[in-house]
Each structure stands twice: as C-alpha cells, then as structure tokens.
Amino acid sequence: QKNLSLLSPDQIEDAKMLLEMGQTHLFEVWSELGVDDQEKKGFFQQVTKLNKSYPKGLAAYIQNARRLLADSKEGRNPFDGFKPSVPSGETLKFGDTKFDEFEKVGVKEAHNAAFVLVAGGLGERLGYNGIKLALPSECTTSRSFLQHYVESILALQESSCRLNEDHRQIPLVIMTSDDTDKSTQDLLRDHNNFGMIDGQVVFLKQEKVACLDDNDARLAKDPHNSYRIQTKPHGHGDVHSLLKSSGLLDKWHDSGLKWVLFFQDTNGLLFKAIPASLGVSSEKRYDVNSLAVSRKAKEAIGGITKLTHTDGRTMVINVEYNQLDPLLRATGYADGDVNCETGYSPFPGNINQLILKLDSYIEELNKTEGAIPEFVNPKYKDSSKTSFKSSTRLECMMQDYPKTLSPSARVGFTVMDTWLAYAPVKNNPEDAAKVPKGNPYHSATSGEMAIYRANSKILQEADCKIADPVIEEFNGQEVEVWPRIVWEPKWALTFADVKEKVHGHCSISQRSTLVIKGRNVAIEDLTLDGTLIISSAEGAEDAKVTTVRGKIQNKGFILEKVDKSETSEIARIRGFRIKEVEKKEVIYSKPENFHFKS
Ligand code: UGB
C-alpha cells in the first residue's frame, strides 16, 4: 500500500488491473517503501509499455492467454471442423507470355505500392551474430540483403515512374525489434540509405510480450530481476497493429497508394518475383495475394491450404509447417505431410510475401486494430498439462491476417518457380547438413548458390549459352555451382530488362564470374571464361548504352573451401570464400564500345 505513493494515477490504475487479473504474485517480493524504489518505478514503466503495445492492453493479453492456454490444455484443434484440400491459384512460369504480361502490369502498378520488411527476428536458427539484413546475399559483390532490397525497390520505382511519367517515391517500412533496431538503423545510415532519400524509409519497432508461467496466465518474472516481467517476441504478426497505430496506412491512402507488399529478411531472389505477382494482384483485384512456391513435404515453410468447415465456410490460408502434418492426419490423410507423384507436397509453400490491397486492408484494420489471431505453444512438463518446462507466450504470424476477413474477400495466391523466387537463409550449417536429401537447405550456402543459379537460368532464357553447373559440397551440403553471375537491380529487374540488354551469341563457362554494376550497359556476342566486372564510373548513369563484346579469358575467381576453424563468420557459415585470382575490369564513363579479342 505504501508503495502506491511512488506511482502516478495511471500507474495506480495499472496496479489495480494487475491485481484484478490475478497477478498478485508479481508484488510478493516487493520490499517496503524506500528500498528498491527505482526498480519499482521501472516495473510500472514496463507495465505501461506492455499495455500500450498490445491491442486493447495487457488485461486483454491475459484474457486471451487464459483462453488459448485452456484450449491447448484440452487439446482443442484450432482447425476443428475444417477439412483441408489443395486450393487453386495462379501458377506462373518464368519466361511464359503470361509471366511477361503480369510483369509489365506489375511494373506499371509499382508506383502505387509501399513495401514493408519484417526484420524483428534475430534468426536463432542461423546462429549468426549480427542482424540477418547485414549478411551478404552473395559474396561475389558482398552486397547485403538490405542493400539488395533497397536497390531493388529503387529500380522498380525508376521503371514505374518512367512508365507513369511521375516522380513518386516508393515508401519502405522496416519493422525491427529491440534485438535488431539499432543495428538496422546503423546499417542504413552508414550507407546513406543505400540511395533512398531521407524520410523514404520508416522504422517501426515491435515490442515483446509478457511471458506466462502457468495455465492461469500468471505473468512470469524476469529470472534476472524480480521487479521485471519476462518478455519474448510476439512474432511477425505484430506488423499489422504497428502499421495501423503508426497512421501510415491512411497517409498512403491519401497519397493515392493502392498496395502494401510484405516481405522477409533473407530472400535474395524475391524481387525477381515481385513485379509479376503485383501484376496478378492488380489484374485479379485480389485483396490478399500470397506468393508461393512448390513445397517439399516437411519443409519448414507453411502450406497454402483451402479449409472447408462443416458449416460451409471456406478460406484459403497458410497452415504452418508444424500444423500441416497433424491436420492432414486428423482429417483422413493417413500419411500426413508427404510428397505426391510430382515429388512435391500438393500444398503450395508459403514464402510469406503478401500483397494486400490498401483500401480493404485499412477497412479491416479499422475493425480489428491490426490484432491477428494468436496461438500459444507451451512445452508441458508431463501429460497432465498442468505445468510448463519454461515460460511461454502468445505469438502471431503476419500471414494469418486473412483469418478474420469476410468470406467475400478476394484471397488468392501466386505460385512461382522456386529457383526464381525463394532461397532464404535460415539454417546454420550443422542443421542444414541434416536436412533430408532432396529438401532445400535454407542455409547461407544454398542461398548464395541460388542467386547464381537464378541469374544463370534467366540468361539462358534470354538465349545465352550457360555451361551446366557442377555439384560441390560445402559444409556438408551438396549444391549446384553455376557461373557466378550477379547484376545490380538497376541493370535488370524484369525479364524484359534482361532481354533488352543481352544480344547476339553470348556464352559463359561454369568457372566464370560476371558482375554487372550500372544501368546502361549491354553485352553482345560475349564469350566469357574467367572473370569480367563491368562497372559504370561515377556520373555515368545517364550515359547511353555501352556495349561489351568479344572474348575474355583469364584465371578468374575461385571458390575456396573453408572449415569450422575459419575466422570470418561470413565465410564459415557458407563453407567457402571467393578468391580473386585474375579479372578483367571494364569501367565505362560514357557510351563506349568495348571489344575484346583475347
Ligand atoms: N520476424 C519479425 O519481424 N518478428 C518476429 O517476432 C519474428 C520474426 P522466420 P518463420 O517463408 O521461409 C515464416 O523466423 O516464422 C521476421 C512463415 O511463418 O525466418 O519460421 C524475421 O526477421 C512460414 O510460413 O520464419 O516462418 C523474418 O524476416 C514460411 O513462410 C520473418 O519474420 C517461412 O517464414 C520470418 O521469420 C518462410
């Protein structure tokens, strides 16, 4: 009682709420007034924060937790009454006329879009020491994921504005957490926003939620400080309530934007699929469009599933990878999550790239405040399910947004070639090496190799002769090693861009490296066996097209294997480093013709 004199009227209300919500245990160790007073004030500051950052406050969190914990204890199936089946959606094949047409529409539409990158996760599975956005997407140029994303959005902006004859800036929001916020902001600032103008990037920080000690949702005390509540991340679903409370959605709407595109932190291929999928959203007027790829059974990506309830309701939704198998087994698919005759799961794999139509998104969030259906995943001590091995918390996922939509909402998905659209970096080398044969590794090694493979295949589609890959093993993972072909997004974002800049009979050997930096450069009748780096000099961006042709042969760059003793963490998690032996470098500053005869 005496401690109340330390508190403001609002904090006294919070104290009453905690007592009413059965949280008396939090005050059991409180000493008399005059002892630990700063800690006590700190406790209430934390409560204020927890209250503010959860839609409808901490009391609502405790109530939701009790309900979900009771459901979990009873073993209630979240899909009770629903039967899964394989949904139908748009399937696009790179290079097909349909793909090209959707790309064209998507590029035109892009100036009406805002991008939202969810980057609050630390990536425990990868075991990397820093933020994942700072990791190189590939080591030939060492451009980080964040740089690649920002430059891709800028390239899209430029193409879209050219087509629409305007000068809109595409906004980028980055959702961070306490774990990633400072490093992400520093990374961007240290690189002059990678070319975005001030104010074009906005940061929204997600807060953690309170941990729960038991089925009554008693809040857990921080093991290191009994005047604090233990907290853990709430999941990427927080992005919706943060966008709602930031006021950005209305601002975007008022400035004429129509689409919001959500994406994750380490997929170096994603932007190759974005223009076409935005085209699909626009043509089909989808309220929700999820990007998907073929999924291997048991792969750690959710399955896009049609759920039909016994009462007739249906929805197309992601069923998370750990829920798909039990759901299938419980509904008559005795083998659970298995591949079908195609060698893949019949359920398309969710890659968590969502495109939402802004006006219906705003309408929905006005109803829900951005609260997303949550789940809880307690690890029980025994089958009585009365106590937990360690504290738990509620979680939510951004792809569960469609769960609250009315049945009339247009919810679709677009399946892309995996090689084109999806190669995340999530697993550490040891776990990746244990992935069942034939399933993707999702490691730094496979993520990098996938970029070379995609660029090689795109050039192949553009009629270049690209040598077959060789199979090599790095960190216990067998991967296809294609020529190391990398270009900046401003050189080409779409297939049409590539076709415009590649002419004649080009051929590239397997051991080659080709890097193209700059916008206005074409290759023609190029035969490469070694390393060629083409860059534009400062100020040459508006030069008319420079052409590089002829025959180039040199010792090139080699992939040198490294083992666990390697000191560079970037090289160690890949199992190789790139050793520059010999290269030809072309730097152009005006429209020129480089013709090599060696
Ligand atoms: N993230 C946050 O921003 N905040 C958080 O609290 C947690 C994560 P993971 P996950 O496409 O590969 C998802 O951990 O959740 C960010 C889909 O649920 O890498 O295991 C984090 O920074 C799954 O259906 O992935 O699986 C990162 O950018 C499947 O689609 C992103 O959220 C899978 O991704 C994803 O976090 C996939």
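Here, each number is a calculation from the coordinates, and none is a lab measurement. Predicted model, so just to flag it, every value in this text is computed and none were measured. Methodologically, a virtual Cβ is constructed for each residue, glycine included, from the backbone with ideal geometry; neighbour enumeration extends over all protein chains shown.
Quick notes on this structure:
- Region 1-145, Rg to Rh (Cα coordinates; Rh as Kirkwood inverse mean 1/r): 1.17
- Taken as Cα centroids, region 512-530 and region 148-185 sit 27 Å apart, rounded to the nearest whole angstrom.
- Calculated mean residue ellipticity at 222 nm for the chain: -9000 deg cm²/dmol, from DSSP H runs with n ≥ 4 weighted as -39500 (n - 2.57), summed, divided by the residue count and rounded to 500.
- Here is the list for region 350-416: GluC sites (Glu not before Pro) lying in DSSP coil, each with at most 13 other C-beta atoms within 10 angstrom of its C-beta, are Glu369.
- For the chain, the longest principal axis of the C-alpha atoms and the axis of helix 274-284 are separated by about 70°.
- Taking 0.36 nm per residue of sequence separation and removing the Cα-Cα distance, the Gln510/Arg410 pair yields an extension gain of 31.5 nm.
- In the structure shown, the pairs Lys49/Lys232; Lys49/Lys132; Lys379/Lys437; Lys205/Lys244; Lys306/Lys426; Lys457/Lys579 are assessed against 18 Å; a Cα-Cα span above that value is assigned to Lys49/Lys132; Lys379/Lys437; Lys306/Lys426; Lys457/Lys579.
- With an a/c value of 1.5 or above and a/b larger than b/c for the gyration tensor axes a ≥ b ≥ c computed over the alpha-carbon atoms, region 481-598 is described as prolate.
- Helix 145-164 axis, angle to the chain major axis (alpha carbon atoms, nearest 10°): 70
- Mean separation of Cα contacts under 8 Å (6+ apart) over length of region 166-304, as relative contact order %: 15
- Projected label distance in nm at Arg577 and Lys182, using a 7 Å step from Cα toward the beta-carbon: 2.9
- The alpha-carbon of Lys73 sits under 17 angstrom from the alpha-carbons of these aspartates and glutamates, leaving out residues fewer than 8 places away in its chain: Asp213, Asp214, Asp216, Glu374, Asp382, Glu395.
- If the chain linking Lys389 and Asp250 were pulled fully straight, counting 0.36 nm for each residue of separation and taking away their Cα-Cα distance, it would gain 45.7 nm.
- Region 301-337 and region 219-238: distance between their alpha carbon centers, rounded to Å: 32
- Gyration tensor over alpha-carbon atoms, region 311-351, equivalent ellipsoid semi-axes in Å: 18, 14, 11
- Using the Cβ-Cβ distance between Leu163 and Asp216 with R0 set to 51 Å, the FRET efficiency works out to roughly 0.30.
- Rounded if a/c under 1.5, otherwise prolate or oblate - region 119-169, Cα gyration tensor axes: prolate
- Whether region 530-598 is rounded, prolate or oblate, judged on the alpha carbon gyration tensor where a/c under 1.5 counts as rounded: oblate
- The trypsin sites (Lys or Arg not before Pro) of region 540-598 meeting both criteria, a DSSP state outside H, G, I, E and B (loop) and at most 11 other C-beta atoms within 10 angstrom of the site's C-beta, are Lys544, Lys564, Lys597.
- Relative contact order %, region 397-488, counting alpha carbon pairs below 8 Å whose residues are six or more apart: 23
- Size-normalised alpha-carbon gyration radius of region 238-332, reference 2.2 N^0.38 Å: 1.34
- The largest-to-smallest principal axis extents of the Cα set in region 62-181 are 58, 41, 29 Å.
- 0 to 90° range, to nearest 10: angle between helix 9-20 axis and the chain longest Cα axis: 80
- In plain terms, the bigger the Kirkwood radius, the slower the diffusion; for the chain, with that radius from Cα pairs, at 37 °C and 0.692 mPa s, Stokes-Einstein puts D at 126 µm²/s.
- Loop trypsin sites (Lys or Arg not before Pro), region 425-509 (other Cβ atoms within 10 Å of the site Cβ: 12 or fewer; DSSP): Lys434, Lys437
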